[in-house]
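One structure below.
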Amino acid sequence: MIDRDGVINEDSDDFIKSVAEWHPIPGSLEAIAALHRAGWRVAVVTNQSGIGRGLYDEATLGAIHDHMSARVRAAGGELAGVYYCPHLPDAGCECRKPKPGMFRALERELGLSVVGAPYIGDRLSDVEAAEAVGARPMLVRTGTGAATEGLLGERRVPVFDDLAAAADSLLAETR
Ligand SMILES: [Mg+2]
Ligand SMILES: [Zn+2]
């Protein structure tokens, strides 16, 4: 499982509001493809409060995710699912990370357990979300990850330069 903004694509303080603003981080699409070829089911789990803020609508987010999925396929990969929370941070929903709702939906829909499954993100909320569901957090330094690295405290979370490096590490485990 992979976070989206700052991990697969470049993040923006102004949110990613259109397909034109979605720019993959170099190597990220190829990394997803490599995981797919090695037998991993790769799903995206992403907070998208820009919807709750009225910055873009669900149709636009759908178009962005169709574009992302097509770019992944063009690189030889496949996304098993894309899960997003559209709510504002203070909405009190059960899906916004670090809450577990999206991971529970993924488990239901894909028929698998996320316990022990890697979750690659760039924010502390990604690490916390993974911990909350018994998944295995991995941090990348892209996006806000370099700053997040200093917030890990006593946590023993592996840190990688980018998604490509994190994927290489996972692939090396199973070779
Ligand atoms: Mg992120
Ligand atoms: Zn939500």
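Scan segment 125-140 residue by residue and report those that are in a strand (DSSP E or B) and either out of contact with any Pro (no Cβ under 9 Å at 6 or more places or on another chain) or more than 11 Å from ligand 1 (Cβ to nearest atom) (or both). Spell out the reasoning first.
So in segment 125-140, the residues in a strand (DSSP E or B) come out as 136-140.
136, 137, 138, 140 - these are the residues of segment 125-140 that are in a strand (DSSP E or B) and either out of contact with any Pro (no Cβ under 9 Å at 6 or more places or on another chain) or more than 11 Å from ligand 1 (Cβ to nearest atom) (or both).
Quick one: would you say residue 49 is polar (S, T, N, Q), touching a helix residue (DSSP H, G or I) at 6+ places or on another chain (Cβ under 9 Å), modelled with pLDDT of 95 or more and within 13 Å of ligand 2 (Cβ to nearest atom)?
yes
Just to verify a result, which residue in segment 6-43, among those that are among the aliphatic types (A, V, I, L, M) and touching a strand residue (DSSP E or B) at 6+ places or on another chain (Cβ under 7 Å), is nearest to residue 77 (Cα to Cα)?
32
Do you know which residues across segment 78-124 are buried (at least 21 other Cβ atoms within 10 Å of the Cβ) and part of a loop (DSSP other than H, G, I, E, B)?
96, 97, 114, 122, 123
Which members of segment 30-49 meet the condition of being assigned to a loop (DSSP other than H, G, I, E, B) and either more than 24 Å from residue 133 (Cβ to Cβ) or within 14 Å of the chain's Cα centre (by Cα) (or both)?
41, 48
Quick one: which of 32, 64 is buried (at least 21 other Cβ atoms within 10 Å of the Cβ) and closer than 20 Å to residue 162 by Cβ? Explain how you work it out, then say what you get.
Numbers: 64 fails: closer than 20 Å to residue 162 by Cβ.
Of the residues listed, the single one that is buried (at least 21 other Cβ atoms within 10 Å of the Cβ) and closer than 20 Å to residue 162 by Cβ is 32.
Of everything in segment 128-147, what is closer than 15 Å to residue 163 by Cα and either in contact (Cβ under 8 Å) with a residue 24 or more places away in the chain or crowded, with 23+ Cβ neighbours inside 10 Å (or both)? Give them in sequence order.
138, 139, 140, 142, 143, 144, 145
Just to be sure I understand, how many residues within segment 1-25 are farther than 13 Å from residue 50 by Cα and either touching a residue at least 12 places away in the same chain (Cβ under 8 Å) or crowded, with 20+ Cβ neighbours inside 10 Å (or both)?
Residues that pass the stated criteria total 14.
Among the residues of segment 1-29 satisfying the criterion of being outside any strand (DSSP E or B), closer than 13 Å to residue 166 by Cα and touching a Ser or Thr at 6+ places or on another chain (Cβ under 9 Å), which is farthest from ligand 2 (Cβ to nearest atom)?
Among them, the one singled out is 28.
Cβ-Cβ distance below 6 Å, separation of 6 or more or different chains: which pairs start in segment 67-92 with a residue that is over 15 Å from residue 16 (Cβ atoms) and away from ligand 2 (no atom under 16 Å from the Cβ) and end on one that is in a loop (DSSP other than H, G, I, E, B) and not acidic (Asp, Glu)?
Hits for this filter: 80/41.
The values are calculated or read from the model by the stated rules, or taken from the named source; none is laboratory data. Just so it is clear, the structure is predicted and the values come from calculations on it, not from any experiment. Using ideal geometry, Cβ is built from the backbone for each residue, glycine included, and neighbour counts are taken over all protein chains shown.
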